[in-house]
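For reference, the structure is listed below as structure tokens.
The values are calculated or read from the model by the stated rules, or taken from the named source; none is laboratory data. Note that the structure is predicted; figures quoted are calculated from it, not measured. We place every Cβ from the backbone using ideal geometry, glycine too, and count neighbours over all the protein chains shown.
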Amino acid sequence: MLEVRGLRAGYGHVEVLRGIDLTIDEGGIAALLGSNGVGKTTFNAAISGLIKPWAGTVLFEGSRLPGGNSQAAIDVGLVQVPEGRHIFPNLTVRDNLLLGGCRRGKTNRSVNIEKVLETFPRLRERLTQKAGTMSGGEQQMLAIGRGLMTEPKLLILDEPSLGLSPLLVEEMFELIVALNKQGLTILLVEQNVHLSLEIATQGYVMENGAITLSGLSETLLDNPELQKSYLGV
Amino acid sequence: MNSAILLPSILNGTTTGALYALVALGLTLIYGVLHIINFAHGALLMVALYGVYFLYKLFGIDPYVSLLIVPPLMFCIGYVLQRLVITRASHGRDENILLVTLGLSIVIENLALFFFKSDTQVVDTPYGFEVVEIFGAFLPYPKIIAFVGALVTAGALWLFMERTDLGRSIRALAKERKGAQLVGINVPHVFAMSFGIGVGVLGIAACLLMPSYYVSPQVGQGFVLIAFTVVVLGGMGSFGGALIGGLIIGVVEAVGGLVLGESLGQIGIFAVFILILLFRPQGLLGHKV
């Protein structure tokens, strides 16, 4: 579904991504793993058009995405739920969701909003509340709900467990599995290596702006190198 | 002081206040919502007033008929100015926008001085001096129409911001630019649209203002400071607040003029401004964030 070849990107003169190759198959959950500052968020920004890559190609369902154009990414169904949520704090929950479907998914907005509210019943109670006044977990639900309003084919979740309580983290991962079972392809970008690989089909480990390890998640879980550096075994 | 002069002066102040509110409504969108400090607001009002004036002088088009022509034209001017001049010249930094719009206002006002000279011009419509008596106050028809116009415009803007995607996008953009990009909002376009709509509302203000007012190249200057005062007083980004703020300032100015004399009447405006902000720093209808 997504094929990234030789992607390079950075800010100013600093190169962050040094040639990333990555493939995501339709229908699965791919995990992009790595600790803080290795370039995961820059990778997301580059493929979803928030920044213009320096080099490389991004193919989505076989056609090439223009770099640095977030609307083009949304139009084909590549949707990102960013790290730090970036919901609209001054808007109500309903308006946040409506804006999620203001470009792609506009014709089915009322149907989609109902679906999102079924997935996140908590949001239904908060529909007319300003989004910025909700708890962190509720804001994360809203961020994902807003992403779902865009009728994604590939949903990128950047650190969805960040700042959530352990109980909520578990709920979040269950939700990701549930969304995937409904047919949504997911790219999960996480620091939580163990939990992510448990639900993922493929895994990529990023270090210093390059992919150092990749493969099926079961294989990766058994990989001694990964166990040593990330799982504390 | 007896109520025989107080009440008419309050009513007169209300109608003047409605004009202030009209001018401030566009600024509420540009400054209150998007936090673009637009010092060219007064100069653009002047441009719109000249537009109304020349449409009347050259083609005999009534200022109220100009409502169909001037606001759309002003919208286009605002859109293009924001997209081609302000954004490019300010390189995306807010403090530069302040300087760019200040510079724009100087250029526009001096061009007007050069072409139109500094004479004041009026349109003499048949109804311009007709008055209607309300509670002992003789109010000119144009001012009553402007009052209604201010109410309708504030209501329409509020509805637009609450109920349309563009309105939601403008509010979203004000706080969360990255989030806006991620849902596919065309950021430069929406910025320019807001600026265009804000300037378009100035076009409405000009059409409603002209029958009871005048135009000269410096006419906008008197309005800019009051407009900023009204926006902050009413609460940043609140259209209802701008309406009430405008009315309060109009009334305070009129009553202050009555008590302290015409030239000191404006002192009251800023005294009330300081007082209200002391007790409600977020403005009358503003939200704490």
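What to note about this one:
- Cβ-Cβ under 7 Å pairs, at least 6 apart or on other chains, the range B:2-13 side farther than 12 Å from B:Glu253 by Cα, far side assigned to a helix (DSSP H, G or I): B:Ile5/B:Leu258
- Taking the range A:62-81 as the range and being facing chain B (nearest Cβ under 10 Å) and either among the small types (Gly, Ala, Ser) or surrounded by 24 or more Cβ atoms within 10 Å (Cβ to Cβ) (or both) as the test, the residues that pass are A:Ser70, A:Ala72, A:Ala73, A:Ile74, A:Val79, A:Gln80, A:Val81.
One line per residue, one yes/no per condition, for (1) part of a loop (DSSP other than H, G, I, E, B); (2) at pLDDT below 95; (3) out of contact with any helix residue (DSSP H, G or I) (no Cβ under 6 Å at 6 or more places or on another chain):
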| residue | (1), (2), (3) |
| --- | --- |
| A:Ile51 | yes, yes, no |
| A:Gly68 | yes, yes, yes |
| A:Gln71 | no, yes, yes |
| A:Gly84 | yes, yes, yes |
| A:Asn96 | no, no, no |
| A:Ser110 | no, yes, yes |
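- Annotation note: Cβ proximity below 6 Å between a residue of the range B:159-177 that is without any contact (Cβ under 8 Å) to a residue 40 or more places away in the chain and a residue that is among the charged types (D, E, K, R) (sequence gap 6+ or interchain) occurs for B:Arg168/A:Asp95.
- Residue among B:Tyr79, B:Tyr64 that alone is crowded, with 20+ Cβ neighbours inside 10 Å, touching a residue at least 12 places away in the same chain (Cβ under 8 Å) and not aliphatic (A, V, I, L, M): B:Tyr79
- Exactly one residue out of A:Leu123, A:Leu142 is within 13 Å of chain B (Cβ to nearest Cβ), surrounded by 22 or more Cβ atoms within 10 Å (Cβ to Cβ) and more than 22 Å from A:Thr23 (Cα to Cα), and it is A:Leu142.
- For the condition surrounded by fewer than 15 Cβ atoms within 10 Å (Cβ to Cβ), among the hydroxyl-bearing types (Ser, Thr, Tyr) and more than 14 Å from every other protein chain (Cβ to nearest Cβ), A:Thr212 qualifies.
- Candidates in the range A:45-57 are the residues that are more than 9 Å from chain B (Cβ to nearest Cβ) and surrounded by fewer than 23 Cβ atoms within 10 Å (Cβ to Cβ); of these, the one that is nearest to A:Val14 (Cα to Cα) is A:Trp54.
- Residue within the range B:236-244 that is surrounded by fewer than 20 Cβ atoms within 10 Å (Cβ to Cβ) and touching a residue at least 40 places away in the same chain (Cβ under 8 Å) present: yes
- Residue within the range B:83-106 that is of a type in the set (S, T, N, Q), surrounded by fewer than 21 Cβ atoms within 10 Å (Cβ to Cβ) and without any contact (Cβ under 8 Å) to a residue 60 or more places away in the chain present: yes
- Residues within the range A:98-115 that are more than 8 Å from chain B (Cβ to nearest Cβ), closer than 14 Å to B:Arg168 by Cβ and without any contact (Cβ under 8 Å) to a residue 12 or more places away in the chain, tallied: 1
- Any hit, the range B:253-264, residues being modelled with pLDDT under 95 and touching a Pro at 6+ places or on another chain (Cβ under 7 Å): no
- For the residues B:Ile30, B:Ile77, the requirement of being of a type outside the set (Phe, Trp, Tyr) and in contact with a Phe, Trp or Tyr (Cβ under 8 Å, 6 or more places away or on another chain) singles out B:Ile30.
- Qualifying position, being β-branched (Val, Ile, Thr) and at pLDDT below 90, among B:Val190, B:Val132, B:Val199: B:Val132
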